[in-house]
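Structure first, commentary second.
The values are calculated or read from the model by the stated rules, or taken from the named source; none is laboratory data. Since the structure is predicted, the reported quantities are computational estimates derived from the model, not experimental observations. Using ideal geometry, Cβ is built from the backbone for each residue, glycine included, and neighbour counts are taken over all protein chains shown.
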Amino acid sequence: MKNTALISGGNGIVGRNLATYLAATGEWKVIVTSHSPLSYSGDFEFLRLDLTDPAAVEQQKDKLKDVTHVFFGAYIEKHTLKEQTKVNTELLENLVIGIEQIAPGFKHVTFIQGGKAYGAHLGKYKTPAKETDARHFPPNFYYDQEDFLRKQAEAKSWSWTALRPDIIIGLAIGNPMNLGTLIAVYATMCKELNVPMRFPGSEKAYDVLVNVTDAELLAKGMEYVAVNKSAHGEIFNLTNGDIFRWKELWPKFGAYFGVPVDEPQTFSLATYMGDKDELWRQMNAKYQLAGHELGKLVQWPFGDFIFNNLHDAFFDVSKLRRNGFQEMQMDSFESFKRVFDQLRENRIIPA
């Protein structure tokens, strides 16, 4: 019998790419959930589920009773760390406790952490980051989610695994913290305005060492840790496996989009993109694009944060390789290029 995957946060960059990947393997029955309507389709069942409601899973027990594996990628943004920690821990608690009660074949939870586990959002952190590194001063909802799973799984027939990707590169709509889309939109605007595609951060940020995680590679890793018992009860970093500097990739971005690249020039994307909604609407009409609003595609402050990091930021992925997952052999430019290609194919940016 096939395993049954329940993917929460189905509209996110993690959920969308995981649903597509698992469905394509033919080895899984896939159920995708989201609080909002799904923005894509595929060979899976979609179920609207409000995980802020502790009774949400019980109310859908007939459709969820066969779930064997939970892939948790739901997230709600809040203004304060206290609120952010509370609501996102409750999402996981409501889902897992609910599945425990109605799915006798429940085996495993895979959930996503990330650079924030190392304090990446605070600035400099030790590199290469390792899974054994100490936690930063709380709160951090990743820590609360992990602590909940550790305690809840004690003496149970199910287990959990945490994966820590870094900046995830993949196709997603309505997921504005998406660096691949941000770079693509910025590049096409530069081309439309006939200006060079300058790196908007400082010279120092242009030269730091960074890594990213391909969304399709992450999906493979999520499947791997879900079905391999040697990975259960563990935390693993997962990136493409290479390390690069923005100054190495930026000229390649320019060449892909056919726009010249000049020296870095520090400016705020959030500030300078404040008047570009009308330009984007005009470009959608001119090139007969899909018509997605700019704010649904990109979050410019996210770009400002990434491109103004002044310190090396990369993970050690040797633990997951030692466990047996040998897929982290990617060229990160190829990850970006695949997303750029998908954006063109879906008429989100001009061809």
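Kindly evaluate residue 52 against the criterion of being free of Cβ contacts under 8 Å to residues at least 60 places away in the same chain and β-branched (Val, Ile, Thr).
Working: free of Cβ contacts under 8 Å to residues at least 60 places away in the same chain: yes; β-branched (Val, Ile, Thr): yes.
Yes: the conditions hold for residue 52.
Within the stretch 1-15, take every residue that is out of contact with any Ser or Thr (no Cβ under 8 Å at 6 or more places or on another chain) and touching a residue at least 60 places away in the same chain (Cβ under 8 Å) and give me the one that is surrounded by the most Cβ atoms within 10 Å (Cβ to Cβ). Please lay out each step first, then the result.
In the first step, residues of the stretch 1-15 are kept if they are out of contact with any Ser or Thr (no Cβ under 8 Å at 6 or more places or on another chain); the result is 1-2, 12-14.
Within this subset, residues satisfying the condition of being touching a residue at least 60 places away in the same chain (Cβ under 8 Å) are 12-14.
Numbers: 12: 24, 13: 26, 14: 30.
Filtering first and then ranking leaves 14.
Taking the options 194, 178, name whichever one is within 17 Å of the chain's Cα centre (by Cα) and either closer than 30 Å to residue 263 by Cβ or among the basic types (Lys, Arg) (or both).
Just a single option satisfies the conditions, and that option is 178.
Exactly one condition in (1) touching a strand residue (DSSP E or B) at 6+ places or on another chain (Cβ under 8 Å); (2) outside any loop (DSSP other than H, G, I, E, B) is not met by residue 125; state its number.
(2)
Name the single residue that is surrounded by the most Cβ atoms within 10 Å (Cβ to Cβ) among those in the stretch 310-329 being in contact with a helix residue (DSSP H, G or I) (Cβ under 6 Å, 6 or more places away or on another chain) and in a loop (DSSP other than H, G, I, E, B).
325
Can you pull out the residues in the stretch 116-136 that are surrounded by 19 or more Cβ atoms within 10 Å (Cβ to Cβ) and either within 24 Å of residue 12 (Cα to Cα) or in the same structural domain as residue 309 (by TED's automatic domain parsing) (or both)?
The answer is 117, 118, 120.
Quick check, is residue 255 over 17 Å from residue 193 (Cβ atoms), under 25 Å from the mean Cα position of the chain (by Cα) and of a type in the set (Gly, Ala, Ser)?
Details: over 17 Å from residue 193 (Cβ atoms): yes; under 25 Å from the mean Cα position of the chain (by Cα): no; of a type in the set (Gly, Ala, Ser): yes.
Criteria not met by residue 255.
For the stretch 177-287, which helices (runs of 4 or more DSSP H) that fit wholly inside it have 2 or more residues that are under 28 Å from residue 24 (Cα atoms)?
Of the helices (runs of 4 or more DSSP H) lying wholly inside the stretch 177-287, those with at least 2 residues that are under 28 Å from residue 24 (Cα atoms) span 179-193, 215-227.
Inside the stretch 131-141, can you point out the residues that are within 20 Å of the chain's Cα centre (by Cα) and either part of a helix (DSSP H, G or I) or over 29 Å from residue 16 (Cβ atoms) (or both)? I'd like the intermediate steps shown before the answer.
Let us first name the residues in the stretch 131-141 that are within 20 Å of the chain's Cα centre (by Cα), namely 131, 140-141.
Within the stretch 131-141, 141 is the sole residue that qualifies.
State whether one or more residues within the stretch 145-159 are among the small types (Gly, Ala, Ser), in contact (Cβ under 8 Å) with a residue 12 or more places away in the chain and buried (at least 22 other Cβ atoms within 10 Å of the Cβ).
First, pick out the residues of the stretch 145-159 that are among the small types (Gly, Ala, Ser): 153, 155, 157, 159.
Keeping just the survivors that are in contact (Cβ under 8 Å) with a residue 12 or more places away in the chain gives 153, 157, 159.
Restricting the remaining residues to those that are buried (at least 22 other Cβ atoms within 10 Å of the Cβ) gives none.
No, there is no match, as no residue in the stretch 145-159 is among the small types (Gly, Ala, Ser), in contact (Cβ under 8 Å) with a residue 12 or more places away in the chain and buried (at least 22 other Cβ atoms within 10 Å of the Cβ).
Residues in the stretch 260-269: is at least one within 23 Å of the chain's Cα centre (by Cα), in the same structural domain as residue 187 (by TED's automatic domain parsing) and buried (at least 19 other Cβ atoms within 10 Å of the Cβ)?
Keep residues of the stretch 260-269 that are within 23 Å of the chain's Cα centre (by Cα), which gives 269.
In the following step, the residues that additionally are in the same structural domain as residue 187 (by TED's automatic domain parsing) were identified as 269.
If we keep only those that are buried (at least 19 other Cβ atoms within 10 Å of the Cβ) as well, we get 269.
Checked the stretch 260-269: at least one residue is within 23 Å of the chain's Cα centre (by Cα), in the same structural domain as residue 187 (by TED's automatic domain parsing) and buried (at least 19 other Cβ atoms within 10 Å of the Cβ).
Listed here are the residues, each with its yes/no results for (1) of a type in the set (Phe, Trp, Tyr); (2) within 25 Å of residue 238 (Cα to Cα).
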{"site": "282", "(1), (2)": "no, no"}
{"site": "314", "(1), (2)": "yes, yes"}
{"site": "326", "(1), (2)": "no, yes"}
{"site": "334", "(1), (2)": "no, yes"}
{"site": "343", "(1), (2)": "no, yes"}
{"site": "346", "(1), (2)": "no, no"}
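Tell me which residues, restricted to the stretch 36-65, are polar (S, T, N, Q) and either within 22 Å of residue 114 (Cα to Cα) or at pLDDT 95 or above (or both). Break it down stepwise before answering.
First pass over the stretch 36-65, keeping only residues polar (S, T, N, Q): 36, 39, 41, 52, 59-60.
52, 59, 60 - these are the residues of the stretch 36-65 that are polar (S, T, N, Q) and either within 22 Å of residue 114 (Cα to Cα) or at pLDDT 95 or above (or both).
Quick check on the stretch 71-80. Is at least one of its residues surrounded by 20 or more Cβ atoms within 10 Å (Cβ to Cβ) and in a loop (DSSP other than H, G, I, E, B)?
Taking the stretch 71-80 first, the residues surrounded by 20 or more Cβ atoms within 10 Å (Cβ to Cβ) are 71-74.
From what's left, in a loop (DSSP other than H, G, I, E, B): 73-74.
Yes: the stretch 71-80 contains one or more residues that are surrounded by 20 or more Cβ atoms within 10 Å (Cβ to Cβ) and in a loop (DSSP other than H, G, I, E, B).
Working only within the stretch 97-115, note down all residues that are β-branched (Val, Ile, Thr) and within 22 Å of residue 13 (Cβ to Cβ).
Of the residues in the stretch 97-115, the ones β-branched (Val, Ile, Thr) are 97, 99, 102, 109-110, 112.
Of everything in the stretch 97-115, those that are β-branched (Val, Ile, Thr) and within 22 Å of residue 13 (Cβ to Cβ) turn out to be 109, 110, 112.
Go through the stretch 98-122 and give me each residue that's touching a residue at least 40 places away in the same chain (Cβ under 8 Å), within 22 Å of the chain's Cα centre (by Cα) and not in a helix (DSSP H, G or I).
Result: 108, 109, 110, 111, 112, 113, 114.
Between 33, 68, 89, which is modelled with pLDDT of 95 or more, surrounded by 20 or more Cβ atoms within 10 Å (Cβ to Cβ), closer than 19 Å to residue 6 by Cβ and under 20 Å from the mean Cα position of the chain (by Cα)?
On the way: 68 fails: under 20 Å from the mean Cα position of the chain (by Cα); 89 fails: surrounded by 20 or more Cβ atoms within 10 Å (Cβ to Cβ).
When all the criteria are applied, what remains is 33.
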